[in-house]
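Student: Below is a structure I'd like to ask you about.
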Amino acid sequence: MQKVARSLVVFVFVIAFSVFPFNTASAQRGMYVGVFGGYTFSPDTSWEDYYSSIDLNVQETGIFGVKFGFNPPPIKFFSIEFEYSYLNPDMDRTVFATAGSDYDAIEGNAKIHNFMFNAILKYPEGKIHPYLGLGIGASYFDFSVTATSRLNGVSYNARRSYDDTVFAWQVLAGVDIELTNNLSLDIGGRYFDTESLNDSYDDDYYDDYDYDHYDGPTLDYRTFMVTLGLKFRF
């Protein structure tokens, strides 16, 4: 999927600069800043570690972000923007192994910081501007998990933290509605996907098993989002 995303980004840029007509005047041209908020739907996270591979029960959560963009003056239907957003999804308790009254389970939460470059194509005429876009960038994960288990009637628990920066990409669609010459309302939706988080750490807990360097879990996060924002043009 990552190769497809990179190819689509190249395609967007090629179309913008070689196919569409040029124009020198537009109320939509120049630099802009924006803020937005939103909510995730149907988040999906898979967890794979040394012992198992499971799908985690990830809660829906809010998203908050800011963006800085630029419409090249000769190309009023095309814009480039840098975007930062933040997500903090909780992951409900998931039992992934049972044997009689014994079990293994995990739960946790993740702080996800996303840094994205977006290429946007939009309909430039009138006051309402439908748009499509593609973004690529990086996501920084700070993931904390609590593992609980019961073995032969004895309960155990341990807390671990993982962090990593991974490739991320997104597909955007929506409509930009002009409220004034400088202010517009942005209503959008997007599909967001990250490459696998894969962290490692050293832990004395594993010394009894003749290895003390553990390749931490791989964690894939993907979700649909709806967003609402405001953009101010200079």
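Any read-out appearing in this document is the output of simple, stated calculations on the displayed coordinates, not a laboratory observation. The structure presented is a predicted model; accordingly, all values stated were derived computationally and were not measured. With ideal geometry, Cβ positions are generated from the backbone for all residues, glycine too; neighbour counts draw on all protein chains shown.
Student: What does the highest-first list of 65-73, 132-140 look like by mean Cβ count within 10 Å? Let's see the in-between values first.
Tutor: On the way: 65-73: 16.3, 132-140: 18.9.
Answer by packing, highest mean first, reads 132-140, 65-73.
Student: Here's a follow-up. Treating cross-link reach as a plain straight distance, find the lysines whose alpha-carbon is under 16 Å from the alpha-carbon of K67, omitting any fewer than eight places away in the same chain.
Tutor: Counting by Cα, and skipping residues close in sequence, K67 has these lysines nearby: K231.
Student: Using per-residue counts of other Cβ atoms within 10 Å, averaged over each peptide, order 124-130, 173-179 from highest down. List each step's numbers first, then the result.
Tutor: Details: 124-130: 12.7, 173-179: 16.0.
Output ranking for 124-130, 173-179: 173-179, 124-130.
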